[in-house]
Amino acid sequence: MKIIVDAMGGDNAPFEIVKGCVDAINIKKGFNILLVGDEKQISKILSDCSYDENRIEIKNTSEVITGNDVPTIAIKQKSDSSMVVGMNLLKAKSGDAFLSAGNSGALLTGSLLLIGRIKGVIRPALGAVIPSKKNDVLLIDAGLNSECRPESYVQFAKFGSQFYKCMYDVDKPTVGLLNIGSEDKKGTPEVKEAHVLLKEAPINYQGNIEGNDIPEGKTQVVVCNGFIGNILLKFLEGTVKFMFNGVKEAIKANFFSKIGGLLIMKPLRKFARSADADTVGGAPVLGINGLVIKSHGNSKAKTIKNVIMKTITLIEKDIVNEIRLSIQGDNNE
């Protein structure tokens with residue numbers, strides 16, 4: 001098993017990316033890593049690390065796609081960038097997955113232009129894991145498709161169901177459609193039609209759900225378009241940060257609050273870990289002919305290590321082929 005990693009993508013590249021790869025190698029056996037990027041910089045970082053040198057190799061590249069680059073132009077013109085070379089290596093079967101914390105738009109554009117959709121897929125989708133009261137929730141689409149046809153919602157539900165089954169060993173994950181109410185007649189014409197189609201689909205569909213149902217874990221997979229999904233995801237991330245900063249300030253307010261803070265610190269830290277993007281991060285692009293994982297732009301070594309662990313599970317469960325089979329079932333109907 002080999003995971004291709006964009007060593008130059010992200011705000012903290014290449015140091016944190018490389019360090020995260022080394023940490024992953026040192027805690028788990030059975031896989032290798034191919035780091036793609038500036039060989040001199042990568043080699044310098046690796047020289048200060050202790051690891052099995054047989055398990056990490058480097059593919060040198062001369063260009064980097066930055067956060068300021070226009071995605072389509074960058075993918076077409078920066079052919080020797082770490083991202084483009086990495087995805088082409090995945091397409092050529094030189095690895096089992098590609099991971100990047102780089103430019104999100106470029107990664108998603110490259111996934112479509114370089115790797116391509118699974119036959120029968122209308123539009124791929126980005127999946128993001130959100131913690132809830134009951135269980136982790138997969139939000140799909142989390143930002144790839146601002147607008148989509150009702151039929152795409154059904155495919156998103158199938159992508160999400162297969163992902164959840166692979167990651168959490170749940171045979172029939174529950175699926176909900178994000179809407180402004182639970183009633184059948186609520187929502188835009190597109191969402192209303194999607195609701196009807198989802199009812200008829202071979203999934204464990206629970207009906208419409210509202211935004212406040214997500215933290216409660218009412219369903220394990222939440223389906224929406226990428227415009228709504230991305231807004232929801234960013235709002236939740238900001239809210240979590242706001243709440244934890246508020247709790248910290250409240251604990252520091254006076255002597256007695258500090259004493260109380262000490263008493264609740266252990267469960268508070270446990271809860272914080274469950275909501276930490278560095279722990280639950282790593283969003284797969286589902287519906288394409290290869291496993292591409294997006295890590296958030298500010299990824300640290302801890303994030304990369306955890307995303308690699310998630311990627312290993314998805315490779316072992318053959319998520320891409322599972323999605324392919326579910327879509328082929330549509331074509332055979």
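All of the numbers you see were taken from the coordinates with simple rules; none came from a lab. Just so we're clear, the structure is a prediction, and the values are computed from it rather than from any experiment. Glycine gets a Cβ as well: all are built from the backbone with ideal geometry, and neighbour counts include every protein chain shown.
Remarks
- In this structure, the pairs whose alpha-carbon distance is over 23 Å, taken from K2/K134; K133/K241; K28/K310; K165/K310; K40/K78, are K2/K134.
- Computed over the range 108-175: relative contact order in percent, which uses C-alpha pairs under 8 Å that are six or more apart: 23
- Centroid-to-centroid, using Cα positions, the range 109-131 and the range 145-202 are 16 Å apart.
- The chain - charge dipole about Cα centre, Lys and Arg +1 at Cβ, Asp and Glu -1, debye rounded to 20: 720
- For the range 78-140, size of Cβ-based charge dipole, Lys and Arg +1, Asp and Glu -1, in debye: 240
- With a cut-off of 16 Å on the backbone N, the residues of the range 195-213 near the modelled label site 7 Å out from E183 along Cα-Cβ are 208-210.
- Projected area, mean over directions - the range 202-262, Cα convex hull, nm²: 5.8
- Cα-Cα over 25 Å, subset of K19/K266; K29/K294; K192/K294: K19/K266; K192/K294
- Among beta bridges that DSSP assigns inside the chain, antiparallel share in %, nearest 5: 25
- Isotropically averaged projected area of the range 1-129, using the convex hull of Cα atoms (one quarter of hull area), nm²: 8.4
- Label-reachable residues, the range 57-75, where backbone N falls under 17 Å from a point 7 Å from A92's Cα toward its Cβ: 57-63
- Comparing mean-square fluctuations of L262, L113, L233 from a GNM of the chain with C-alpha springs under 10 Å, the top value falls on L262.
- Evaluated at q = 0.22, 0.24 Å⁻¹, a Debye calculation over the C-alpha positions of the range 64-124 (equal weights, vacuum) places log10 I(q)/I(0) at -0.85, -0.99.
- Of the residues V196, G260, S182, the one whose Cα sits farthest towards the positive end of the charge dipole of the range 170-270 is G260 (charges of +1 on Lys and Arg Cβ, -1 on Asp and Glu Cβ, taken about the Cα centre).
- In the chain, helices alone account for a calculated mean residue ellipticity at 222 nm of -15000 deg cm²/dmol, with every DSSP H run of four or more residues adding -39,500 (n - 2.57).
- At R0 = 45 Å, FRET efficiency that the Cβ-Cβ distance of R117 and E53 yields, to 0.05: 0.75
- Fewest neighbouring Cβ atoms within 10 Å first, the residues V221, V5, V196, V70 line up as V196, V70, V221, V5.
- Shown for the chain are the DSSP H helices of 24 Å or more along their axis, judged by Cα atoms, with a mean Kyte-Doolittle hydropathy of at least -0.5: 150-168, 226-251, 255-274.
- Among D141, D48, D171: highest mean-square fluctuation, GNM of the chain, C-alpha pairs under 10 Å: D48
- Look at K134, K185, K165 and count the other Cβ atoms within 10 Å of each Cβ; fewest to most, that gives K185, K134, K165.
- Once you divide the Cα radius of gyration of the chain by 2.2 N^0.38 Å, the number left is 1.03.
- As a rough footprinting exposure proxy, the listed residues Y153, Y51, Y164, Y205 were ranked by other beta carbons within 10 Å of their own, and the order from fewest upward is Y51, Y205, Y164, Y153.
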